[in-house]
Structure formats: structure tokens, C-alpha cells
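Right, one structure below, let's go through it.
No value in this document is a laboratory result; all are computed from the given coordinates. Note that this is a predicted model, so its numbers are computed, not measured. When we count neighbours, we look across all protein chains shown, and the Cβ atoms used for this are built from the backbone with ideal geometry, even at glycine.
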Amino acid sequence: MKKVRVGVIGAYRGNQMIKYCKRAEHAELVAICDKLEGALAKQKELDEEGKITFYTDFDEFLKHDMDAVVLANYATEHAPFAIKALKAGKHVYSEVLPCQTMKEAVELIETIEETGLIYSYGENYCYMAAPYEMRKLYREGKIGEFEYGECEYIHNCENRWHSLTYGDKDHWRNNVYATFYCTHSVGPIIHITGLRPVSVVGFEGRKNERKTSGGAKTGQFGIEMIELENGGIIKSIHGDLYKNSIWYSIYGSKGRMESAREDAKLGLPATNIYVNADETPGAYGEEKIDAYLPVNDLSEVSKQYGHGGSDFYSMYNFIEKIKGDENADTIDIFEALDMFLPGMFAYRSILAGGITVEIPNLRNKEERDKWRNDTTCTDPKVAGDMLIPSFSLGNPDIPDAVYEKMAKMWDEECQGENDYVSNK
Ligand SMILES: NC(=O)c1ccc[n+]([C@@H]2O[C@H](COP(=O)([O-])OP(=O)(O)OC[C@H]3O[C@@H](n4cnc5c(N)ncnc54)[C@H](O)[C@@H]3O)[C@@H](O)[C@H]2O)c1
């Protein structure tokens with residue numbers, strides 16, 4: 001069996017995909033790129049067979065003889081890196097998020113169309129056991145047509161902010177708006193239902209002292225109220241509330257399915273599922289509820305990987321797609337944007353005082369021209385004269401001492417070395 005040759009850029013989150021390629025029978029890891037020498041040093045130590053080539057420069061890395069590239073670089077820089085990789089003839093697996101601006105979204109779509117190569121979006125939460133089972137059951141008609149859904153990705157990173165941002169005031173995590181990182185909550189509902197989001201109203205948690213104390217110039221959490229093409233509604237929340245939660249719940253015309261909450265203590269988040277679907281509408285306590293841990297042929301092998309095994313499936317399907325399996329369950333660029341644009345446009349809603357904002361459908365070529373030059377974002381290097389603040393009330397003024405403290409904590413944790421992989 002010919003193995004797909006893969007290169008990975010970004011050696012922290014990318015470590016999961018590096019691990020996948022080292023173990024998988026259908027893939028082979030041939031190159032790793034990271035501008036941090038410390039991150040590469042760690043990976044070099046782990047390269048016992050000496051088969052991997054290491055790069056610090058992305059353009060040099062792209063010249064390597066390989067079939068596919070995994071982008072685990074900064075979340076705001078995926079689109080330009082994906083475009084370069086596709087133009088260099090490589091299939092692309094992109095970590096979240098797909099792009100930072102509408103201009104990038106249009107360019108990325110058109111590059112994928114021109115090259116004909118595979119673009120696969122790494123929204124791994126779709127493959128957690130419960131939402132993945134919900135997709136199967138929904139497509140079988142178990143709960144009828146989607147009417148309402150709720151999704152939560154609450155991740156309190158307060159205690160590890162220094163190790164995520166290294167005290168860098170320009171790090172993307174310190175500069176994105178509250179509804180930017182919406183994909184882990186919205187994504188699974190989109191993948192379950194296959195419905196396109198058409199409009200959104202956004203909200204931003206404004207009690208953000210616990211964010212600003214670590215250096216993040218943003219709201220505490222983001223909420224998107226999204227209308228789907230069939231009239232169904234999603235409530236999505238994500239951000240840094242005190243207790244973590246990964247949770248999905250959907251109501252259809254014939255029932256409800258949801259994942260178990262953390263507090264049920266049934267193992268990893270979003271693994272166990274409850275299915276409440278029968279012939280009796282309403283009903284308190286009389287209905288038959290199926291509660292179980294879904295398993296499939298790959299569940300056992302997936303357990304070796306992060307995020308409840310979901311890190312396995314997103315890479316497995318990407319490689320299978322490259323190998324020619326048309327049915328491999330990957331997430332293409334349009335579905336990726338259906339998972340991300342609700343967050344982007346929710347922030348436009350927030351900035352406009354909470355109005356309903358339409359979500360563009362870039363599948364329509366005629367809609368693209370309107371957005372082709374839209375560089376609206378929080379990154380001054382990219383936005384030009386379309387720069388927006390990362391907090392709707394204006395960027396908080398954070399003293400340098402906060403970043404110095406974060407940098408010191410990070411340095412102490414690394415004991416003076418940049419022991420990147422082992423410490424993050
Ligand atoms: N899907 C998930 O569950 C999940 C979990 C964590 C992070 N992520 C995503 O993974 C990505 C990486 O996040 P992270 O947590 O590793 O932190 P990060 O964004 O700080 O790290 C990115 C890595 O890429 C390297 N890099 C960036 N630009 C580079 C360049 N031009 N050349 C060479 N190397 C470069 C950096 O040195 C760093 O090691 C982000 O997009 C994030 O959204 C996804």
C-alpha cells in the first residue's frame with residue numbers, strides 16, 4: 001500500500017497529527033516545520049529512525065517532496081498558508097479556523113477550485129463519539145427534521161494562559177474577538193444536520209476581567225444565535241466561563257438527542273449520548289430513553305488520540321480521501337465556512353449593536369465579488385483600513401507588566417529552556 005507522505009507545520013497542536021502519521025499504516029511523516037528551534041529540537045529527539053526532515057522556514061518546507069501538508073500554525077494565518085501549499089501542489093489539512101477575513105475566504109475557495117486538490121478542515125469535535133453518533137442517527141431520520149440545537153465549548157484556560165501565549169501581546173489568542181473561535185461549538189451541529197447557516201445575532205461576555213488579567217483583549221465568551229436554512233435555530237456559546245463544558249443537544253420534529261454533560265461523570269466529554277425519540281410528543285418521565293456510549297470499528301484505535309479520540313478520525317478521513325475514498329468523511333471548505341462564518345458575522349452583529357446579520361453563501365460565485373476585498377479583522381497587518389477592535393467597547397488597555405508576568409511564568413515552567421512539546 002502506497003503511503004501518503006505528510007508534512008506538518010506547527011509542532012505543538014501539530015504533535016497530535018505528527019503522532020498520527022508516525023503510527024498510521026496509510027500515512028508517513030516526512031517533514032516538520034516550526035520557526036521555534038526549541039519545538040524542533042524536541043521533535044528531533046523523538047525521530048528515532050531519522051526519517052524526518054526539519055525546517056524552520058515554511059517556503060523551504062513546501063519544496064519537500066510530499067503529498068500533503070497539515071497546517072497547525074497560528075489560527076489566524078491558515079488561509080494564506082493553505083493557499084501557498086495548494087499552489088505548491090499539496091493537499092491541505094487545516095486546523096481551525098479556516099481564515100481570518102472574507103477576502104481570504106474567497107481566495108482560498110478559488111484556489112481549491114483551481115487546483116482540484118483536497119482541502120480538509122480539522123474540526124475534530126464533529127468526530128467525538130456523541131456528535132458523530134448524532135450525525136448518523138439524524139441522517140437516518142431518528143428525530144425528524146432539525147428545529148433547535150444548543151452547543152457549548154467552554155474551556156477555562158485561565159491557569160495556562162502563559163503557556164498558550166508565552167507573554168506575547170501580539171499572539172493571536174490575545175487578539176481575536178469573542179465569537180472568533182466558534183467552530184468547536186457550531187461545527188458539530190453543522191456536520192450533524194448538513195444545514196447552512198443563513199443569519200446570526202451575536203453577544204459578547206463583557207465581564208472580562210479574567211481574560212484581561214492574562215493579556216487577552218477580548219470578551220469573556222461569545223454567543224451566536226444562528227438561523228439555519230430550514231428555519232431551525234442554534235444557540236452556540238464558547239469561551240472562558242469558570243467550568244469547562246463540551247455539550248451538544250438537538251431537537252427535531254420527532255425527538256431529541258444530546259450528549260452527556262461533564263457533570264454526569266460518564267467519562268470523556270461528548271462521548272455518551274441520550275436519544276429520546278418516540279411516538280409521544282411531550283411526555284414527562286414515561287418515554288423510553290436510549291443512553292449509551294456509541295462504538296464503531298475504529299473506536300478502539302481512536303482511543304490513543306486526543307480530544308476523546310476525535311483527533312484520530314479527522315486525520316484518518318483526510319488520508320483516506322487522498323487515497324481515493326470518495327466517502328471519507330472530511331469537511332470541505334464550504335462546510336468549514338458554515339462552521340466559522342456564524343462567529344465572524346456574530347461579531348459584526350455585536351459591533352452594530354446586536355442586529356441580525358446575514359451570513360454570505362460563498363458557494364454562489366456571484367456572491368463572492370462583494371467580499372473579495374473585505375479585509376475586516378483585528379490584525380493590523382492584514383486589515384489595512386478595515387481594522388476592528390477585538391472587544392466591542394474598545395480594546396482594553398493592558399499594561400506591559402501583564403505580558404511580562406506571563407512570559408516569566410512560561411519561562412519558569414520551561415526551566416529556562418524552550419521545552420515546548422513536553423510543557424504544552
Ligand atoms: N482542533 C483542536 O482541538 C485544537 C486544539 C488546540 C489548538 N488548535 C489549533 O491549532 C493551531 C495551533 O495552536 P497551538 O495551540 O499549537 O498554538 P500556537 O498557535 O501558539 O502555535 C502555532 C505553532 O506554529 C508555529 N508557527 C507559526 N507560524 C509559523 C511560521 N510562519 N513558520 C513556522 N512555524 C510557525 C509556532 O512557532 C507554533 O509552534 C491553532 O490554529 C489552533 O486553533 C486546535
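Enumerate the calculated ³J(HN,Hα) couplings along the range 371-377 in order (Karplus 6.51 cos²θ - 1.76 cosθ + 1.60, θ = phi - 60°), each rounded to whole Hz, writing x wherever the residue is Gly or Pro.
Going residue by residue, I get 10, 3, 10, 8, 9, 3, 5 Hz, with x marking Gly and Pro.
Need one number: nm distance between label points at A352 and D278, each 7 Å from Cα along Cα→Cβ, rounded to one decimal.
A separation of 4.6 nm, rounded to one decimal place.
HN-Hα J couplings of the range 176-191 from phi, Karplus 6.51/-1.76/1.60, θ = phi - 60°, integer Hz, Gly and Pro as x?
Per-residue couplings from phi come out as 9, 6, 4, 9, 5, 8, 8, 5, 6, 8, 5, x, x, 5, 5, 5 Hz.
Using the Cα centre of the range 325-424 as origin and beta-carbon charges of +1 (Lys, Arg) and -1 (Asp, Glu), tell me which of W410, F340, S390 is placed farthest towards the positive end of the dipole.
Farthest along the dipole direction, towards plus: S390.
Which values of log₁₀ I(q)/I(0), to two decimal places, follow from the Debye formula for the range 4-124 at q = 0.09, 0.12 Å⁻¹ with a uniform point scatterer at every Cα?
Once normalised to I(0) and log-transformed, intensities are -0.22, -0.39.
Among R372, R173, what is the fewest-to-most ranking by other Cβ atoms within 10 Å?
The order, fewest Cβ neighbours first, is R372, R173.
How high is the FRET efficiency from K87 to R139, r the C-beta distance, R0 35 Å, rounded to 0.05?
That pair, K87 with R139, gives E of 0.50.
Contour minus end-to-end for E209 and L266, with contour as 0.36 nm per residue of separation and end-to-end as the Cα-Cα distance?
My answer for the length gained is 17.3 nm.
Taking the Cα centre of the range 4-124 as origin, sum charge times position over the Cβ atoms of Lys and Arg (+1) and Asp and Glu (-1), and report the length of that vector in debye to the nearest 20.
On the way: 14 positive and 21 negative charges, 45 e Å.
Dipole about the Cα centre, nearest 20: 220 debye.
Find how many whole Å separate the alpha carbon centroid of the range 293-333 from the alpha carbon centroid of the range 139-168.
19 Å
Can you put Y153, Y181 in order, fewest other beta carbons within 10 Å first?
Ordered from fewest to most neighbouring Cβ atoms within 10 Å, Y153, Y181 come out as Y181, Y153.
Before rounding to the nearest 500, sum -39500 (n - 2.57) across all DSSP H runs of length at least 4 in the chain and divide by the residue total; then give [θ] at 222 nm in deg cm²/dmol.
Helix contribution divided over all residues of the chain: -10000 deg cm²/dmol.
Mind listing the phi-derived Karplus ³J(HN,Hα) values for the range 17-31, rounded to whole Hz, using 6.51, -1.76 and 1.60 with θ = phi - 60°, and x for any glycine or proline?
3J(HN,Hα) across the range 17-31, in whole Hz: 6, 4, 4, 4, 5, 5, 9, 6, 7, 9, 9, 9, 8, 10, 8.
Give the lysines reachable from K44 as a straight Cα distance under 23 Å; neighbours fewer than 8 places away on the same chain don't count.
Reachable lysines: K3, K19, K22, K35, K63, K424.
Name the long-range amide H neighbours of V69: under 5 Å, sequence gap of 5 or more, or other chain; modelled H, no Pro or chain starts.
Result for V69 returns G7, H91, V92, Y93.
Check S199: other-chain or 5+ apart residues with amide H under 5 Å from its amide H, H built from backbone geometry?
Distant-sequence amide H within range of S199: E227, I359.
Could you work out the pair-distance distribution P(r) of the chain from its alpha-carbon pairs, with 10 angstrom bin width and percents rounded to whole numbers?
5, 21, 32, 28, 12, 2, 0
Rank these for me by crowding, T330, T53, T376, T280, going from fewest to most other beta carbons within 10 Å.
Ordered by Cβ neighbours within 10 Å, fewest first: T280, T53, T376, T330.
How many nm separate the modelled label positions at D400 and R372, each set 7 Å beyond the Cα in the direction of the Cβ?
4.4 nm
Can you figure out the FRET efficiency of I388 with E412, using R₀ = 35 Å and their beta-carbon distance, to the nearest 0.05?
Working: r = 35 Å, r/R0 = 1.00.
Efficiency, from the Cβ-Cβ distance: 0.50.
Would you mind classifying the range 196-277 by shape? Square roots of the alpha carbon gyration tensor eigenvalues, ordered a ≥ b ≥ c; an a/c under 1.5 is rounded, otherwise it is prolate if a/b is larger than b/c and oblate if not.
Verdict is oblate for the range 196-277.
Got a sec? Charge dipole of the chain, +1 on Cβ for Lys and Arg, -1 for Asp and Glu; which of I112, P360, H307 is way out at the positive end?
Farthest along the dipole direction, towards plus: H307.
How many lysine pairs in the range 177-334, separated by 8 or more positions in sequence or lying on different chains, have Cα atoms less than 29 Å apart?
20
About the Cα centre, and with charges only on the beta carbon of Lys, Arg (+1) and Asp, Glu (-1), how big is the dipole of the chain? Nearest 20 debye, please.
It works out to roughly 220 debye.
Bin width 10 Å, alpha-carbon pairs only: give the P(r) of the range 81-174 as whole percents, running from 0 to the bin holding the largest distance.
Spelled out per bin, shortest first, that is 12, 27, 29, 27, 4.
Around I359, what is the net charge, scoring Lys/Arg as +1 and Asp/Glu as -1 over all other residues with Cβ under 15 Å from its Cβ?
Working: positive: R196, R348, R363, R368, K370; negative: E224, E227, E229, E335, D338, E358, E367, D374.
My count for the surroundings of I359 gives -3.
What length, rounded to one decimal in nm, is gained on full extension from H26 through to K3, with 0.36 nm per residue of separation minus their alpha-carbon distance?
So the chain would gain 7.8 nm between H26 and K3.
With point charges of +1 on the Cβ of Lys and Arg and -1 on the Cβ of Asp and Glu, referenced to the Cα centre of the chain, which listed residue (N159, M17, I331) lies farthest in the positive direction of the dipole?
Value computed over the given set: N159.
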